1. For the stretch 46-56, what are the residues that are touching a helix residue (DSSP H, G or I) at 6+ places or on another chain (Cβ under 8 Å) and not polar (S, T, N, Q)?
2. Are any residues in the stretch 52-72 assigned to a loop (DSSP other than H, G, I, E, B) and on the phi < 0 side of the Ramachandran plot, and if so, which ones?
3. Quick check: is even one residue across the stretch 26-41 open to solvent by 10 Å² or more (accessible area, probe 1.4 Å), more than 13 Å from the chain's Cα centre (by Cα) and over 24 Å from D91 (Cβ atoms)?
4. With V47, V60, V73, V52 as the choices, which residue is touching a strand residue (DSSP E or B) at 6+ places or on another chain (Cβ under 6 Å), open to solvent by less than 40 Å² (accessible area, probe 1.4 Å) and either without any contact (Cβ under 8 Å) to a residue 24 or more places away in the chain or more than 16 Å from K6 (Cα to Cα) (or both)?
5. So which pairs qualify, if the first residue must be in the stretch 1-14 and in contact (Cβ under 8 Å) with a residue 60 or more places away in the chain, the second must be part of a loop (DSSP other than H, G, I, E, B), the Cβ gap must be under 8 Å, and the two must be at least 6 apart or on different chains?
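The values are calculated or read from the model by the stated rules, or taken from the named source; none is laboratory data. This is a predicted model, so every value here is computed, not measured. With ideal geometry, Cβ positions are generated from the backbone for all residues, glycine too; neighbour counts draw on all protein chains shown. Surface accessibility is based on the protein's heavy atoms, side chains included, excluding ligands, DNA and RNA. Shrake-Rupley method; radii C 1.70, N 1.55, O 1.52, S 1.80 Å.
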Amino acid sequence: IYSHYKKMNPGILYMTFTKEEVAKFGEETYDVANYVKLIGNVKDYKVWVFFVERNDGKMVCEFRSNDYNVQSVAAKYGGGGHAHAAGVTVDRFGEDIINLILNDLKDLIS
């Protein structure tokens with residue numbers, strides 16, 4: 001995880017996990033999604049998010065931030081949580097929906 005996250009300016013870290021990658025961990029989707037906290041202390045990055053494909057093709061998104069209300073982005077897609085720790089499950093895993101969410105996070109912190 002520490003060597004495979006991606007950076008998006010301004011200040012967003014993220015990772016995507018296919019269901020095959022989740023299987024390699026030998027853990028459940030939600031366990032992998034909760035590892036999002038592991039990348040929370042990278043200097044100059046204020047928002048971090050994991051996108052994890054479930055076995056049924058849906059996607060779990062876990063958002064974290066110490067500075068921004070990421071719950072507002074989760075809520076836009078039907079999710080919830082707290083201001084600095086939120087999540088949502090969307091109908092499918094895909095680059096297009098991941099990019100929409102990342103752009104919403106970018107707008108949040110710009």
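1. K46, V47, W48, V49, F50, F51, V52, E53, R54
2. R54, N55, D56, K58, N66, D67, Y68, N69, V70
3. Yes, the stretch 26-41 contains at least one residue that is open to solvent by 10 Å² or more (accessible area, probe 1.4 Å), more than 13 Å from the chain's Cα centre (by Cα) and over 24 Å from D91 (Cβ atoms).
4. V60
5. From the stretch 1-14, the pairs are P10/S110; G11/D44; G11/Y45; G11/K46; I12/Y45; I12/K46; Y14/Y5.
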